[in-house]
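The values are calculated or read from the model by the stated rules, or taken from the named source; none is laboratory data. No experiment lies behind these values; they were computed from the predicted model shown. Heads up, the Cβs are rebuilt from the backbone with ideal geometry, glycines too, and the neighbour counts pull from every protein chain shown.
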Amino acid sequence: MSALGTGATLCEGRYRLDGVVGRGGMAVVWHAMDLQLEREVAIKIISDVLAGDPRFVARFEREARLAAGLSHPNLVKVFDYSEDGERRFLVMEYVAGGTLVEARGQALDVSSLARDLLDAVAHIHAAGIVHRDIKPANVLLGADGSPRLTDFGIARGDGTSGLTQTGQVLGTLRYIAPEVASGAPATPQSDLYALGVLLGELGGDQPEPLARLLPRLTATDPADRPRSAVEALADLDPTRQLPRTDGLPRTEALPATQAAAEWAPADRAAPAAARSRLARQFALRRWQAIAAAGVLLALLVVVIVAASGGGSPKLDVTRTTLRPAPAGAPVNQQLDRLERIVRAAAQKD
C-alpha cells in the first residue's frame, strides 16, 4: 500500500486528509474533510502493519459496530465505516478541543466533566458494552468544554466472543482496575475505577459530593464501588435527569438512595426490605378489593329486597349462566361481573 500524506484522498476523492491528530497502537486518526457533505470529520485508519491481520481487522470492525449503535451527546459519533483498497477506516465526528491529556493544566470544571462522563458510561453499560480503556487520551473536549468519550477499539459487548488471548490484559496500566490486572474479566465496575482515576488526576475544585465519590470509584475491592454508573451519578447529583435502561429519560429528581435503587441494572435483586414492602402493599390492595366487592354485594341485596316489597329474596346465583371474572382480572372487571350476576339472578326469581 502506498503511504498516506496530507492532501491524499479516500473513497474516490470523497475524503481529503488534512493532517494527523492522533496515533495509537492500532490506527492513525486524521483530521479530514468530507468534500461531498462539506464538513470536517475525523478518519481513523487501521495501521498498515495490522491491516493484513484478521484479528485486528475483526476488532476494528467490532469498534465500528459498537460505536455506530450508540447515540449520546458525550460519545463521539460514528458516521461511516468503509474501505479504500486494503485500508479500512472509520469516519467520525471531529471534536476540535483536543484530548484531556492536552488539557492538563487548564482550568476545567471537574464536577461537570464527572457528571457528563458518568452519564455517557451509564449509556454504554445500558447497551451491554464495557469500554475497558477509559483514559484521558480517549476523552475529547468540544468547543464548549463538554467531554466526548471515544475509542471502542477494545470495548466488548455482551454477545461478543473474545478476540484476545486468554488472560491477556488490555488497557492502559494506570487505569486498569486491580481485579482486571490480576486476570479477572472487565466489568462496569472496572470502567468506574478507570473513570475515578481519570477524574482524580484532573485536580481543580472538587465539590464535596465529588470528593466523597472518588474514593468509592477507586476502591480496591469492586464490591466497595458503586453498583453502576447510574448509582454513582445519583450520588454525585441527585437532581440530574437520570438515564434509564429502557431508553426513556428520567425526568423527576429523586433522593440519591432511591434513584440508585430504582435505576440500578435489571439483574440486581431488589433488597429484602423493598420486596417485603411491595408484598405488603399488594396484600393491602387485595383486601381492599375484597372488601369493596363485599360492600357492593350487600348493597345489591338491599336494593333487591326493597324492590320486592320487603319479602325474603330467593337469590340463587348458581342458576345464572354468568360466571365470575377470572381471578387475575382487574378489580373493576371483577366487580362489574359480580353486579351482573346478582342482577341476573334477581330477575330470574
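Table for the structure above
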read-out	value
Given (1) at pLDDT below 95; (2) of a type in the set (A, V, I, L, M); (3) within 14 Å of LEU113 (Cα to Cα), number of the condition VAL169 does not satisfy	(3)
Meets criteria (at pLDDT 90 or above and among the aliphatic types (A, V, I, L, M)) for VAL49	no
Strands (runs of 3 or more DSSP E) contained in segment 5-64 and holding at least 1 residues farther than 16 Å from VAL78 by Cβ	15-23, 27-34
Meets criteria (within 26 Å of the chain's Cα centre (by Cα), in contact (Cβ under 8 Å) with a residue 60 or more places away in the chain and within 19 Å of LEU195 (Cβ to Cβ)) for ALA120	no
Extreme residue, modelled with the lowest pLDDT, among residues of segment 90-125 that are closer than 23 Å to ASP18 by Cα, in contact with a helix residue (DSSP H, G or I) (Cβ under 9 Å, 6 or more places away or on another chain) and of a type in the set (A, V, I, L, M, F, W, C)	ALA103
Among the residues listed as ALA143, ALA155, ALA181, the single one being out of contact with any Gly (no Cβ under 7 Å at 6 or more places or on another chain), modelled with pLDDT under 95 and farther than 25 Å from VAL230 by Cβ	ALA181
Count - residues of segment 66-95 that are part of a loop (DSSP other than H, G, I, E, B) and in contact with an Asp or Glu (Cβ under 9 Å, 6 or more places away or on another chain)	7
Contacts under 6 angstrom Cβ, first residue in segment 85-112 being surrounded by 13 or more Cβ atoms within 10 Å (Cβ to Cβ), partner part of a helix (DSSP H, G or I), 6 or more apart	ARG88/PHE60; LEU90/ALA64; THR99/ALA137; LEU100/PRO136; SER111/LEU210
All positions within segment 179-235 that are over 16 Å from LEU149 (Cβ atoms), polar (S, T, N, Q) and not in a loop (DSSP other than H, G, I, E, B)	GLN189
Pairs with Cβ under 6 Å, 6+ apart, first in segment 26-43 and surrounded by fewer than 13 Cβ atoms within 10 Å (Cβ to Cβ), second not small (Gly, Ala, Ser)	GLN36/ARG14
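For every residue, the table says whether it meets (1) in a loop (DSSP other than H, G, I, E, B); (2) under 30 Å from ALA184 (Cβ atoms).
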site: GLY97; (1), (2): yes, no
site: GLU102; (1), (2): yes, no
site: ALA107; (1), (2): yes, no
site: LEU113; (1), (2): no, yes
site: ASP116; (1), (2): no, yes
site: ALA120; (1), (2): no, yes
site: ILE124; (1), (2): no, yes
site: ASP144; (1), (2): yes, no
site: ASP151; (1), (2): yes, yes
